[in-house]
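> Before anything else, here's the structure in question.
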Amino acid sequence: MDAAYFSGLAALAGSVIGGLTSLGASWLTQRSQLGAQRSARNLERRETLYKDFINEASRLYADAFVHDQTELANLVRLFAMISQMRVVSSPTVVEDAEAAARLIMETYVAPNKSFRDFESTLESHTVDPLRRFSEACREELQQLGAF
């Protein structure tokens, strides 16, 4: 083989290898960026879901103290959020959300309470029925790297 051919072939092979290396590096970079974006969107969706559940459950819990019944539509939104959590959240988060929903329903069934009645519950867990839920959410989000 002539030295000129060999030199040309080596240059061509070097160009192909360099191009493939550049293409591979670009592909890996894009793939890792897409994964990071997907992860960030997933965390944001969970945070929004948890925040909305806390707001809705808090509103319903306060309403349950002064009313002995509610519109079924009010509870449907709460249970829809719990169902969404079953898809994306850990079993602990779902269990604590269900416990908070049960407490809200039990509070609706119980007799209405005044502010003095509310003061007597300050010692119990019923003052902050979402504490365990919010702690479970924080722990899950920490495990996923949100904090």
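> Where does each of GLU140, GLU135 land when they are ranked from fewest to most other beta-carbon atoms within 10 angstrom?
Working: GLU140 17, GLU135 13.
In order of increasing Cβ crowding within 10 Å: GLU135, GLU140.
> With a length cut of 24 Å (Cα positions projected on each helix's long axis) and a Kyte-Doolittle mean of at least -0.5, go through the chain and give me the DSSP H helices that pass.
Details: long enough: 3-66 (95 Å, -0.02); 72-88 (25 Å, 1.29); 91-109 (27 Å, 0.38).
Helices meeting the criterion: 3-66, 72-88, 91-109.
> Report the normalised scattering of the chain as log10 I(q)/I(0) at q = 0.13, 0.15, 0.18, 0.19 Å⁻¹, calculated by the Debye formula with identical scatterers on the alpha carbons.
Once normalised to I(0) and log-transformed, intensities are -0.70, -0.83, -1.03, -1.10.
> Distance in nm between label sites at ARG86 and VAL109, each 7 Å beyond Cα in the beta-carbon direction?
So the label points at ARG86 and VAL109 sit 2.0 nm apart.
> Also: Under the 0.36 nm per residue contour assumption, what length would be gained going from the current alpha-carbon distance of ASP2 and ALA40 to full extension? Don't skip to the answer; put the middle values down first.
On the way: separation 38, 0.36 × 38 = 13.68 nm, distance 5.71 nm.
This chain segment gains 8.0 nm when fully extended.
Just so you know, all these numbers are worked out from the coordinates, no wet-lab data involved. Please read all numbers here as calculations on a predicted model, not as lab measurements. Glycine also receives a Cβ, built like all others from the backbone with ideal geometry; neighbour counts cover every protein chain displayed.
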